[in-house]
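Take a look at the structure set out below.
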Amino acid sequence: MSKTFKIILMSDATGETVTAAAEAVASQFVEMPVAITLHPFVRSIERAKTLIAGFGDVDLVIYTTVNTEISNLVQIASKTGGYRAISLLDPVMQAFEKLDGSRPTGQPGKQYSVDKDYLERVSAIDYAISHDDGLSSEYLRQAEVILVGVSRTSKTPTCIYLAYQGIRAANVPLVPDQPVPDSFIEALEAGVPAVGLIASPTRLSQIRQHRLKILGNPELTAYAEAKDIQNELASARLFFEKHGLPVIDVTRRSIEETAAAVRGILAKRKI
């Protein structure tokens, strides 16, 4: 039986940064069994000492903390405990310091402060959730980007993820045999950027079949038939081409990757 490697994550804030980094790396080692444990909000020496004393048979500790005393405690304990400890932020922090000699504030969780950017993210999230598939002219003209696509191309979750990043994203569904709402065309004419989303017929068929089972409507076969979906996608491509919309194929993309591609498109428009 192969060993399961014990990995401890420590953070002086929510732990999102260190967790994302650890999971991104772990995904590259699919055959390596790992057990990852997160300890967030480690901000006092006392709490750090208590946690370190209970690490036990750990193999790797990855931490993000701006408190040098806590960082030193972890490093000293790693030498006596026989495991490796890595500070995720130190190399980046040191690189920033060398830019102009500035010193970090040493305040944990600064990226989560309630400032103008935070309030804009909250507003964008409220916009995305409150107006899902909203098609009024006023609503669409308020958007920073409009995602357009056939059913099940991840328009809504991508809008919400973009909203978390502070981008007001709206979505407009392309429905077979139904014209696109005039409000969308008006938004395009007003200069609101739009991005088309597509996926492979096979992938869309799988997703739609699963959705029909959940909804208890398996008789709606045309919705999930690959041939009908091919026709939908062909019409969608013609629509995108007619209006000069950039297109993202979401077949093998996660929501995060699709959102990053949308942001890349928006960034190019500003150059």
For this session: Could you look through the range 1-59, keep only residues that are of a type in the set (A, V, I, L, M, F, W, C) and free of Cβ contacts under 8 Å to residues at least 24 places away in the same chain, and pick out the one that is farthest from T80 (Cα to Cα)?
Result: V30
For this session: Kindly indicate which of A190, A199, A260, A194 is of a type in the set (A, V, I, L, M, F, W, C), touching a Pro at 6+ places or on another chain (Cβ under 9 Å) and in the same structural domain as Y139 (by TED's automatic domain parsing).
Result: A194
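Hey, can you tell me all the residues within the range 9-52 that are among the β-branched types (V, I, T) and either outside the structural domain of A85 (by TED's automatic domain parsing) or exposed (fewer than 11 other Cβ atoms within 10 Å of the Cβ) (or both)?
Result: V30, single match.
Please verify whether the range 238-249 includes one or more residues that are on the phi < 0 side of the Ramachandran plot, in the same structural domain as Y127 (by TED's automatic domain parsing) and at pLDDT below 90. Walk me through it before giving the result.
Initial filter on the range 238-249 (on the phi < 0 side of the Ramachandran plot): 238-243, 245-249.
Then drop every residue that is not in the same structural domain as Y127 (by TED's automatic domain parsing), which leaves 238-243, 245-249.
From the residues that got through so far, the ones that are at pLDDT below 90 too are none.
No, there is no match, as no residue in the range 238-249 is on the phi < 0 side of the Ramachandran plot, in the same structural domain as Y127 (by TED's automatic domain parsing) and at pLDDT below 90.
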Exercise. Can you tell me how many residues in the range 53-92 are out of contact with any strand residue (DSSP E or B) (no Cβ under 7 Å at 6 or more places or on another chain), surrounded by 14 or more Cβ atoms within 10 Å (Cβ to Cβ) and of a type in the set (A, V, I, L, M)?
Worked result: 4
Problem set entry | Number of the condition not met by V262 [criteria: (1) part of a helix (DSSP H, G or I); (2) farther than 25 Å from E138 by Cα] | (2)
Exercise. What residue, among those in the range 174-205 that are touching a Ser or Thr at 6+ places or on another chain (Cβ under 6 Å) and not in a loop (DSSP other than H, G, I, E, B), is surrounded by the fewest Cβ atoms within 10 Å (Cβ to Cβ)?
Worked result: E186
For this session: Search the range 220-271 for residues being acidic (D, E) and touching a residue at least 12 places away in the same chain (Cβ under 8 Å), and hand back the single one that is surrounded by the most Cβ atoms within 10 Å (Cβ to Cβ).
Result: E232
Problem set entry | Members of the range 189-242 found to be aromatic (F, W, Y) and closer than 26 Å to S137 by Cβ, listed by number | F239, F240
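Using the structure shown, decide if G166 is at pLDDT 85 or above and either more than 30 Å from T68 (Cβ to Cβ) or surrounded by 17 or more Cβ atoms within 10 Å (Cβ to Cβ) (or both).
Working: at pLDDT 85 or above: yes; either more than 30 Å from T68 (Cβ to Cβ) or surrounded by 17 or more Cβ atoms within 10 Å (Cβ to Cβ) (or both): yes.
Answer is yes for this residue.
The values are calculated or read from the model by the stated rules, or taken from the named source; none is laboratory data. Just so it is clear, the structure is predicted and the values come from calculations on it, not from any experiment. Don't worry about glycine lacking a Cβ; one is built from the backbone with ideal geometry, like all the others, and counts go over all protein chains shown.
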